[in-house]
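None of the figures in this text is laboratory data; all of them are computed from the coordinates on show. Every value quoted in this text rests on a predicted model; they were computed, and no experiment measured them. FYI the Cβ positions are ideal-geometry reconstructions off the backbone, even for glycines, and counts take in every protein chain you see.
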Amino acid sequence: MAAWTTLGLAGVGLSRLRGEQLRVRRGIAWLAGVWAMYLVVLIGVSLVQKQKVVAVGQPQCFDDMCFTVTGIEEVKGFLIHDERRLLRVTIRVTNRGHSGERDGLIQAYLVDAQGRQWEESTGVNGVGLTAKVARGDSVMSQPVFKVTGDATGLRLVLTHGWKQPGVLVIGDSDSLLHRKTVVELGR
């Protein structure tokens, strides 16, 4: 779509330079029509496709970087006075690429059975999910989440968010209105 759009815009620009207003209008109409159809298909697939559930120990790969949840534990000993609890999720980050890389867009959050969401707590983590990993190597990341005491049915979501090209990829977990892939944590 990107290449086709670039080519179409170049054609519209050339027609405009030549003063061919009818071709400019037709070109813009075609571009808008094709994009409208593409977005209808993208949103339709996103709404119809079932949510993918990944088991603990099963990798989720984004290009050359793979993220595998290996465990979850409750962190004891922290003073939390408002009935919340700290959960540490252990994730192995593996680089299958040809050089040292990092996934600077990856984000993690927890969702419970009620649909409530908790972002990663800052300041209590070691190696981050966005750490640079040598070619063929792995590191362990342990993001910590502060959740309410009554949270059950916890699931981990790994995503690139909406500010990336996957938003416009049909069938991608990060695409527009698609249900995010989750890791069932059994808590």
Return the tail of the calculated pair distribution for region 63-113, meaning the percent of Cα-Cα pairs more than 15 Å apart. 62
Equivalent-ellipsoid semi-axes (√(5λ), Cα gyration tensor) for region 48-187, whole Å, largest first? 25, 20, 13
Would you please report the Å³ per residue occupied by the convex hull of the alpha carbon atoms in region 114-187? 142
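For VAL144, what is the net charge nearby, where nearby means another residue's Cβ is under 13 Å from its Cβ and Lys, Arg count +1, Asp, Glu -1?
Working: positive: LYS76, ARG84, ARG85, ARG88, LYS146; negative: GLU73, GLU74, GLU119, GLU120.
Taking every Cβ under 13 Å from that of VAL144, the sum is +1.
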Sorting check: for 133-144, 4-15, which peptide has the highest mean count of neighbouring beta carbons within 10 Å, and how do the rest follow? 133-144, 4-15
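Packing-wise, with mean Cβ within 10 Å as the measure, how do 40-52, 82-94 rank, highest first?
Numbers: 40-52: 12.5, 82-94: 17.0.
Highest mean packing first, the order is 82-94, 40-52.
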Residues listed by number, region 95-125, amide nitrogen under 13 Å from CYS61 label point at 7 Å toward C-beta: 95-98
Show which lysines lie in cross-link reach of LYS76 when reach means a straight Cα distance below 27 angstrom and same-chain residues fewer than eight apart are skipped. LYS146
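Work through the residues other than SER175 whose Cβ is under 15 Å from its Cβ and net out their charges, Lys, Arg +1 and Asp, Glu -1.
Details: positive: LYS50, LYS52, LYS163, ARG179, LYS180; negative: ASP172, ASP174.
Once all neighbours under 15 Å are counted, the net charge is +3.
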Among the lysines, select those whose C-alpha is under 18 Å from the C-alpha of LYS163, and discard any that sit fewer than 8 residues away in the same chain. LYS180
Expressed as a rounded percentage, what relative contact order does the chain have, with Cα pairs under 8 Å and six or more residues apart? 23
Name the GluC sites (Glu not before Pro) in region 85-187 that are in a loop by DSSP and that have at most 11 other C-beta atoms within 10 Å, would you? none
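What length, rounded to one decimal in nm, is gained on full extension from TYR38 through to ARG135, with 0.36 nm per residue of separation minus their alpha-carbon distance? Kindly include the intermediate steps, with their values, before the conclusion.
Numbers: separation 97, 0.36 × 97 = 34.92 nm, distance 3.64 nm.
Gain in length upon complete extension: 31.3 nm.
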